[in-house]
Amino acid sequence: MTYFELKKIFLKPVSRIVLTILAVSLCVVSYFAIGYVDYVDENGNNTIGIAAASALRDEKNKWAGYITDDVLRKVLQENALINNSKEYLSKDVTENNKAYSKKQGFSDIRDMINRAFGSFQSYNYYRADSVTQEEISSFYDRRTANLVEWLKSDEQENRYSEQEQQFLIAQYEKLKKPFYYEYADGWAALLEYAPSIIMLVVLTTGFLAAGIFSDEFQLKADSVFFSAKLGRDKAVAAKIKAGFIVVTSIYWITVVLYSGIILTVLGFGGAGCAIQNGFSNWKAFYNITYLQDYLLTVLGGYLGNLFILFLSMFASAKTHSKALAVSIPFILLFIPSFLSGISVLSEVLGLLPDQLLQVYTAVKTFNLYQIGDRVVGAVPIILTMYFILFCILLPLLYQVYRKTEIK
Amino acid sequence: MKLVLDNLTKGFGEFVAVDHINLTMTNGIYGLLGVNGAGKTTLMRMLCTLLKPTGGSIYCNGKDIFEMDGEYRNLVGYLPQDFGFYPEFTVKDYLFYIAAIKGVRPAVARKRTNELITKVGLAKAADKKLKKLSGGMKRRVGIAQAMLNNPKILILDEPTAGLDPNERIRFRNLISGLSEERLVLLSTHIVSDIEYTANEILMMKDGAIVNKGTLDEITNTMPEKVWQCPVPQQEVSSITKRYKVSNIKTDRHSVDLRVISAEKPCETAVCVSPSLEDVFLYYFGEKAGDDNDVL
Ligand SMILES: Nc1ncnc2c1ncn2[C@@H]1O[C@H](COP(=O)(O)OP(=O)(O)OP(=O)(O)O)[C@@H](O)[C@H]1O
Ligand SMILES: [Mg+2]
């Protein structure tokens with residue numbers, strides 16, 4: 001039965017269109033993700049692709065290892081040396097690029113110095129140029145100090161309770177120092193574009209899943225279906241199973257293809273580095289590695305796919321409307337982004353299902369929740385909450401559909 | 001096989017579509033005759049457990065069909081009035097799928113599918129997609145799907161609607177061939193569909209069974225008489241205004257009217273024995289003069 005349910009889904013012309021769109025999107029997003037990592041060669045030319053990534057990896061891995069005071073000092077020295085070179089001081093952009101080419105190896109560490117010695121909410125690319133050899137030993141302390149300063153600032157005064165502030169500070173302190181650094185741009189690029197591909201999967205799979213329950217009504221095949229012996233038990237279960245297979249297979253095929261392409265081109269290295277290494281996640285209070293961030297992102301994405309698409313199937317089983325089923329993923333994805341400007345809603349928005357599709361972004365967001373006397377971030381909450389909701393949704397879907405009356 | 005309808009009622013809000021029907025059916029062909037909106041489909045949906053009655057019960061061999069659930073549906077084959085399917089499936093795929101949801105074991109399903117495809121004359125179209133079939137072929141697929149589980153109760157809702165006269169005749173023969181050892185309930189508003197095939201005719205009007213019996217019983221118990229009256233052209237309109245006229249046959253010189261009336265409508269009238277069509281008109285026809293399909 002499940003076989004026929006799958007056949008019903010995939011024989012539809014719309015399915016072929018939707019899967020083609022998804023395949024094209026996968027190529028486009030992969031292209032952008034690969035372009036995220038660029039290498040400037042010694043002639044000042046910008047390049048991307050396998051060779052570029054490999055050259056950049058070689059440059060950066062010259063600095064691989066623990067970022068101790070010595071390493072930081074060496075970065076400052078190298079940086080100053082290049083800053084005084086004639087390429088750097090030249091008015092010609094190509095010459096400047098040549099200077100940058102030499103900085104690439106330590107650019108991540110230099111970015112972290114910018115972050116550490118700037119303020120919490122701003123970033124100044126030239127800050128590292130004026131950090132002194134004496135100052136640099138406060139590098140790791142500056143990270144926490146910036147946080148404390150931000151928490152005490154006027155605009156943040158009432159946002160976090162005392163306990164929440166302590167939680168954030170404790171998380172910052174717990175992060176293992178010194179950081180272990182190596183080239184991890186493959187993972188960084190992979191994660192940067194993971195939310196886009198995961199959202200595209202939800203929206204496209206929505207078109208396939210929408211018909212599983214509502215097509216019987218639209219095609220007027222419902223009378224035969226529900227008057228069949230198994231039409232109110234096993235045949236309904238087969239539909240749920242088919243939905244599960246469709247969501248699972250499309251999601252994992254896309255994610256595995258996407259991850260495989262990006263990591264093959266940009267490199268698998270750096271999986272064990274803390275995400276705070278480098279530019280993007282310096283401030284994150286979740287102390288995890290790139291690999292852990294990736295796993296949270298793809299597992300969260302999978303849960304998000306399951307929840308949102310089964311919610312849409314539930315709606316179509318209840319209302320018999322395919323249009324509603326197709327639009328539910330769009331509503332759940334786009335309404336929160338319209339509201340995201342309103343800061344008072346931030347805590348609520350942090351728990352909506354779209355967050356599951358972008359765990360990578362959620363990991364960087366400062367939403368805290370008090371559960372009993374514990375403070376937790378949004379990520380563990382959404383993972384638990386939507387898993388439970390999904391488990392409740394399945395039997396509800398079964399019950400609603402099997403009790404259908406044909407009027 | 002015995003189906004008992006006990007005070008069966010279905011209302012949609014205020015409106016009562018099926019009104020306290022009491023009826024017992026056993027094996028044989030039952031023809032359910034009624035005009036549009038009489039409640040035929042509603043009644044059949046309840047018999048297929050697709051709709052819950054708002055009052056009364058249906059018993060199959062003494063057990064409530066809604067309590068029997070899957071066990072009862074296992075006995076039922078249903079061809080709905082607006083029979084829909086999966087357009088991208090081939091005839092074979094479709095029948096295999098329906099067999100699966102009817103709980104027919106795969107080996108049996110394959111055998112029955114092949115048998116039925118031949119029986120309904122679809123052997124050449126077995127691998128065609130359903131969306132490419134003609135209306136008549138689709139109906140035959142519909143019959144085949146209803147028969148897959150070899151149902152003891154076969155419910156066909158207007159199976160001949162939209163078919164050309166040839167297809168209708170073929171269909172009638174097909175159905176009478178399927179009727180051994182089972183209860184067939186067939187609804188229609190086309191009298192000739194069931195006139196000679198049905199063992200019992202049920203006439204339904206406004207949600208109630210107004211008359212039932214064999215063809216003879218129904219025609220013999222008609223309260224009014226049927227008259228054959230040849231009249232000149234100019235008198236036709238005065239008669240059709242006053243009486244129910246079931247047929248008008250125009251000759252070159254005169255017109256032959258078939259009139260339903262308690263008294264003799266005109267001097268030349270001859271009393272004839274009523275047909276089922278006359279009875280249908282007697283129960284369901286508007287007073288002549290209103291526009292009204294001549295059946
Ligand atoms: N879901 C519903 N809600 C409200 N009224 C309904 C519903 N289904 C049917 N009816 C009404 O019940 C009455 C009987 O409808 P039903 O479809 O059973 O008639 P029918 O005898 O099958 O007619 P037809 O020959 O046109 O198929 C009609 O007046 C119809 O409008
Ligand atoms: Mg009907």
Practice task
Examine region B:110-124 for a residue that is open to solvent by less than 10 Å² (accessible area, probe 1.4 Å) and within 12 Å of chain A (Cβ to nearest Cβ), and state whether such a residue exists.
Solution key: no
Practice task
Go through the residues of region B:224-237 one by one and say whether even a single one is more than 16 Å from ligand 2 (Cβ to nearest atom), small (Gly, Ala, Ser) and open to solvent by less than 60 Å² (accessible area, probe 1.4 Å).
Solution key: no
Handout entry: helices (runs of 4 or more DSSP H) completely within region A:120-225 that count 3 or more residues being under 30 Å from B:Phe96 (Cα atoms)
Key = A:185-218
Handout entry: Counted residues, region B:70-82 - those being more than 7 Å from chain A (Cβ to nearest Cβ) and of a type outside the set (S, T, N, Q)
Key = 5
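In region A:226-245, is there at least one residue being β-branched (Val, Ile, Thr), more than 30 Å from A:Tyr369 (Cβ to Cβ) and free of Cβ contacts under 8 Å to residues at least 12 places away in the same chain? Spell out the reasoning first.
Taking region A:226-245 first, the residues β-branched (Val, Ile, Thr) are A:236, A:240, A:245.
Narrowing the set further to residues that are more than 30 Å from A:Tyr369 (Cβ to Cβ) leaves A:236, A:240, A:245.
Imposing the further condition that a residue be free of Cβ contacts under 8 Å to residues at least 12 places away in the same chain reduces the set to none.
For region A:226-245, residues β-branched (Val, Ile, Thr), more than 30 Å from A:Tyr369 (Cβ to Cβ) and free of Cβ contacts under 8 Å to residues at least 12 places away in the same chain: absent.
Considering only region A:195-220, state which residues are over 16 Å from the mean Cα position of the chain (by Cα) and either on the phi > 0 side of the Ramachandran plot or open to solvent by 10 Å² or more (accessible area, probe 1.4 Å) (or both). First the steps, then the outcome.
Keep residues of region A:195-220 that are over 16 Å from the mean Cα position of the chain (by Cα), which gives A:203-220.
Selection gives A:Leu203, A:Thr204, A:Phe207, A:Asp215, A:Phe217, A:Gln218, A:Leu219, A:Lys220.
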Practice task
Check whether at least one residue in region B:47-65 is assigned to a helix (DSSP H, G or I), in contact with a strand residue (DSSP E or B) (Cβ under 9 Å, 6 or more places away or on another chain) and more than 10 Å from ligand 1 (Cβ to nearest atom), and report yes or no.
Solution key: yes
Practice task
Residue by residue through region B:24-41, note down the ones that are farther than 16 Å from B:Val76 by Cα and either within 16 Å of ligand 2 (Cβ to nearest atom) or buried (at least 16 other Cβ atoms within 10 Å of the Cβ) (or both).
Solution key: B:Gly31, B:Leu32, B:Leu33, B:Gly34, B:Val35, B:Asn36, B:Gly37, B:Ala38, B:Gly39, B:Lys40
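Kindly indicate the residue of region B:24-46 that is within 8 Å of ligand 1 (Cβ to nearest atom) and among the hydrophobic types (A, V, I, L, M, F, W, C) and also farthest from B:Ile175 (Cα to Cα) among those meeting that condition. Quick ask: steps written out before the conclusion?
Going through region B:24-46, the residues within 8 Å of ligand 1 (Cβ to nearest atom) turn out to be B:34-45.
In the following step, the residues that additionally are among the hydrophobic types (A, V, I, L, M, F, W, C) were identified as B:35, B:38, B:43-44.
Numbers: B:Val35: 22, B:Ala38: 23, B:Leu43: 20, B:Met44: 17 Å.
Step by step, filter region B:24-46, then rank; the result is B:Ala38.
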Completion exercise
Scanning region A:241-250 for residues that are surrounded by fewer than 23 Cβ atoms within 10 Å (Cβ to Cβ) and more than 14 Å from chain B (Cβ to nearest Cβ) gives A:Phe244, A:Ile245, A:Val246, A:Thr248, A:Ser249, A:Ile250
Practice task
Would you check if there is a residue in region A:67-88 being part of a strand (DSSP E or B), out of contact with any Leu (no Cβ under 8 Å at 6 or more places or on another chain) and within 30 Å of A:Asp129 (Cα to Cα)?
Solution key: no
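The values are calculated or read from the model by the stated rules, or taken from the named source; none is laboratory data. Predicted model only: the values in this text are computed from it and were never measured. All Cβ positions, even for glycine, are placed from backbone atoms using ideal geometry, and neighbour counts span all protein chains on display. To get the accessible areas, we keep the full protein, side chains included, count just its heavy atoms, and leave off ligands, DNA and RNA. Shrake-Rupley method; radii C 1.70, N 1.55, O 1.52, S 1.80 Å.
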